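Step one of this worksheet: look at the structure below.
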Amino acid sequence: MPDIPLSSQNASIMIPASLVSLETLLYIGLCSEKANDIWSSWTTWQPTEPYGPRRETDPDDGFGLVVTFHDFIIGSVTTNKTDAVGTDDDRGWRQCLDACGINKATQEAIMVLNQKLNRLRRSNSCLYCIKDTINLRYRGLEELRHTLGIPQQPSTASIEASNWDSPHPLNTPEYTTLFKPIDLAQTTNLLTQSNTLSNISPLLSPPPSDFSGGTRSSFHFPPSHDLAIHNAAYAKSRSPRSRIAILRLLIPSAAIESLAASDIQTVLWPSNEWRELVWRSRMRKPLPRYLRKYREATLVVGTVAWGGGLVCQGMETWEEVGGGWGGECAEGGGGGGEEDGVVQYVFSGEEEGREFLTENVEGAEVVPFSEAALEEFFADLT
C-alpha cells in the first residue's frame, strides 16, 4: 500500500502506509541520516537466543519479551546522548538536537523562540522535549491511521469519543476550577456519560516531580487557565496533527476544605521547605521526617517549580535552588492567585487521591485546542 496523502491547512503530509516503517521515522521528525540508521538497526535485528526480546513484528515465541517500534525509536534517539538543561544557552540545546538526529523543522518547533513559551521549554531538559515531541507525533500518527481506517499494530489503544461542547465560564462560584492540557490519543474512557472522571490513570505524572518525594506518581492540576493554554500551545506547535485539548475540572471548594488537616498541605516558594522538598523530590532523595507530611497528604497545594530535573543534579544541596525556580512562567502567566508564582494542586496517585478526584469532581469538560486556536494564540502575542 502506498503512503496516503492528507491535506491540512498548512501543508500536504504523507501518512505512512505502515506504522513500523522508515516513513514513520521521518514523519516524527528525524533527519534522513538518523532515520535510515535506526531503520537499518531495526530491520537487521538479531534476537538474543534463547530468551532474548523480540520485535513487535516478529512471531510470538511464547516468552512475552517484546520491544515495540516506539520504544526502539526512543532508545535509539536518546541513549548515551549529552543532555542540555533549561539554564543552558541555545547552543547546548542545538548540539543535543543535532546529536539526536532531529531534523531542522522539528528543531525549530522545539526551540520555539517566542518569549512566553521559552520558559516552558527551559523548565525541562532537551532530551525530555525530544522524547515528548516524538511521543506526541507517534501517538498522533496512530490516531490518524485509526481515523483513516488503516490497519494498526496490535498494541494500538482505542481512541476516546470526547465531549466537544462549548466551554463553561472559567470560574464558578463555590467551586475550585482546575485545568490540565492533555493529548486525547493518550486517554481512553477519561469521562463518564455524566461528565465525571472515570479512567484517570493517563493523567498521572510519574516521578520525579515537584512534590513526589522522589518515588510516587501524582496528579498535577494548576488553577491557571493561562498556563494550560501555554502548555497546550507548545504541544500543538510541536505536533500540529495531535488532538491536544484542555481538561477542565470543577471540584466543590467545600470538599477540599473538608479534608483533614493532615490530608491537605500547602508549600509555597520561596520558603525553605518548598526548596528542599522540590530538590529532594527531583533528586529522588529520602525525605526527612518533617517533609514526609507532603508525601502522605491527599492534596498538596504548592508553587510550580520551573527548574529542570538535570539542574538539580548539578546542586550539592537544596540551598542552591535559586529564585528563578518559583517565578511566574511568563508575562501574565500566573493566574494561580499567588503573587510568588504559579500554584498547582497536586493530588496523591495512591488510592486516597484517586478516590477524592473520582468522587468529588462534579463537572469535567474537554475543550479542544485546534490549529485555529494555535494561530489565534500566536496572533495575540504580536
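See the values below:
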| read-out | value |
| --- | --- |
| Residue that is modelled with the lowest pLDDT [pool: residues in region 173-198 that are under 13 Å from the mean Cα position of the chain (by Cα) and outside any loop (DSSP other than H, G, I, E, B)] | 186 |
| Options 242, 217, 237, 205: the member that is closer than 23 Å to residue 125 by Cβ, of a type in the set (Ser, Thr, Tyr) and crowded, with 23+ Cβ neighbours inside 10 Å | 242 |
| Pairs where the first residue, in region 91-102, is free of Cβ contacts under 8 Å to residues at least 40 places away in the same chain and assigned to a helix (DSSP H, G or I) and the second is surrounded by 21 or more Cβ atoms within 10 Å (Cβ to Cβ) and of a type outside the set (A, V, I, L, M), C-beta under 6 Å, 6+ apart | 93/126; 96/126 |
| Selection from region 260-301 of residues that are of a type in the set (Gly, Ala, Ser), modelled with pLDDT of 95 or more and surrounded by 22 or more Cβ atoms within 10 Å (Cβ to Cβ) | 297 |
| Flag for residue 294 being over 20 Å from residue 120 (Cα atoms) and of a type outside the set (Asp, Glu) | yes |
| Complete set of residues in region 274-309 that are in contact with a strand residue (DSSP E or B) (Cβ under 7 Å, 6 or more places away or on another chain) and closer than 21 Å to residue 223 by Cβ | 274, 277, 294, 297, 298, 299, 300, 301, 302, 303, 304 |
| Flag for residue 18 being without any contact (Cβ under 8 Å) to a residue 24 or more places away in the chain, hydroxyl-bearing (Ser, Thr, Tyr), more than 29 Å from residue 227 (Cα to Cα) and not in a loop (DSSP other than H, G, I, E, B) | no |
| Residue match in region 73-88 (condition: touching an Asp or Glu at 6+ places or on another chain (Cβ under 9 Å), in contact (Cβ under 8 Å) with a residue 60 or more places away in the chain and crowded, with 18+ Cβ neighbours inside 10 Å) | no |
| Which numbered condition residue 105 misses (of (1) in contact (Cβ under 8 Å) with a residue 60 or more places away in the chain; (2) closer than 23 Å to residue 243 by Cβ; (3) hydrophobic (A, V, I, L, M, F, W, C); (4) crowded, with 21+ Cβ neighbours inside 10 Å) | (4) |
| Residue count for region 332-355, restricted to those that are under 27 Å from residue 185 (Cβ atoms), at pLDDT 90 or above and surrounded by 17 or more Cβ atoms within 10 Å (Cβ to Cβ) | 8 |
| Enumerated helices (runs of 4 or more DSSP H) restricted to region 199-300, each holding at least 1 residues that are farther than 17 Å from residue 360 by Cα | 225-238, 272-283, 292-296 |
| Residues located in region 351-382, provided they are under 24 Å from residue 172 (Cα atoms) and either among the charged types (D, E, K, R) or in a loop (DSSP other than H, G, I, E, B) (or both) | 354, 355, 359, 361, 362, 365, 369 |
| Residue match in region 237-257 (condition: closer than 28 Å to residue 285 by Cβ and either in contact with a Pro (Cβ under 8 Å, 6 or more places away or on another chain) or modelled with pLDDT under 95 (or both)) | no |
| Residue list for region 37-61, filter: assigned to a helix (DSSP H, G or I) and surrounded by 15 or more Cβ atoms within 10 Å (Cβ to Cβ) | 37, 38, 39, 42 |
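The values are calculated or read from the model by the stated rules, or taken from the named source; none is laboratory data. None of these values were measured; they are calculated from a predicted model. A quick note on method: Cβ atoms are made from the backbone with ideal geometry, for glycine too, and the neighbour counts reach across all protein chains shown.
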